[in-house]
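Comments concern the structure below.
The values are calculated or read from the model by the stated rules, or taken from the named source; none is laboratory data. Because the structure is predicted, anything quoted here is derived from the model rather than measured. Note: ideal-geometry Cβ built from the backbone for every residue, glycine included; neighbour counts use all protein chains shown.
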Amino acid sequence: MFVQLGLFLAGLACLIAGAEALVRGASRMALSLGISPLVIGLTVVAFGTSAPEVAVSVGAALDGKPDLAIGNVVGSNIANVLLILGISALIAPLAVSEQIIRQEVPIMIGISALLVALALDGTLGPVEAGILLALAVVYTVFLIVQARRGSARAQEEALHELPETAAWDASPL
């Protein structure tokens, strides 16, 4: 029991350290490329942190366990919105930019509605997969084009949204 707890805590510590390195590296990359940290977060960080979900869902699909693949993706997104944002906002208030409210949240809601529509017949097959993958490419290209067109004002606003230290550095925990 204590060994498992120790391994869990060690894994959690490594996860926190890795997340910190990912956020700092992504922030530096955004600055060096002159791209909004929000865009880097929506692409590089989002794809990087989705790697475990990809591995689990692909493995589940290969093993003939589609419920696990779907549950993994849907559950992960629900946990990200409710649990991760909830805990993060509990630790330190989160600034929510107008771009998030006007653009990214409606896109997230639209994609969720699209998933419902695509799955109404009870399956997600190659056609639906093609639609989802094509939209992922379109969205990524959209973000890159938008980043290149971004104004200095948007860059300045995005930089002000980044905390100077990690939340756990400022937390008494």
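Of all residues in the range 34-60, which are in contact with a helix residue (DSSP H, G or I) (Cβ under 8 Å, 6 or more places away or on another chain), without any contact (Cβ under 8 Å) to a residue 24 or more places away in the chain, closer than 20 Å to Y139 by Cβ and of a type outside the set (G, A, S)? I40, V44, V45, E53 - these are the residues of the range 34-60 that are in contact with a helix residue (DSSP H, G or I) (Cβ under 8 Å, 6 or more places away or on another chain), without any contact (Cβ under 8 Å) to a residue 24 or more places away in the chain, closer than 20 Å to Y139 by Cβ and of a type outside the set (G, A, S). Is it the case that some residue within the range 138-157 is outside any helix (DSSP H, G or I) and at pLDDT below 85? Taking every residue of the range 138-157 in turn, at least one turns out to be outside any helix (DSSP H, G or I) and at pLDDT below 85. Answer yes or no as to whether I40 is more than 24 Å from G125 (Cα to Cα), surrounded by 13 or more Cβ atoms within 10 Å (Cβ to Cβ) and among the hydrophobic types (A, V, I, L, M, F, W, C). Against the criterion (more than 24 Å from G125 (Cα to Cα), surrounded by 13 or more Cβ atoms within 10 Å (Cβ to Cβ) and among the hydrophobic types (A, V, I, L, M, F, W, C)), I40 qualifies.
Listed residues Q103, Q99; which is under 19 Å from L135 (Cβ atoms) and either at pLDDT below 90 or surrounded by fewer than 16 Cβ atoms within 10 Å (Cβ to Cβ) (or both)? Can you show your working first?
On the way: Q99 fails: under 19 Å from L135 (Cβ atoms).
None of the others qualify; the one that does is Q103.
The one condition from (1) within 20 Å of the chain's Cα centre (by Cα); (2) in a loop (DSSP other than H, G, I, E, B) that L124 does not meet is (1).
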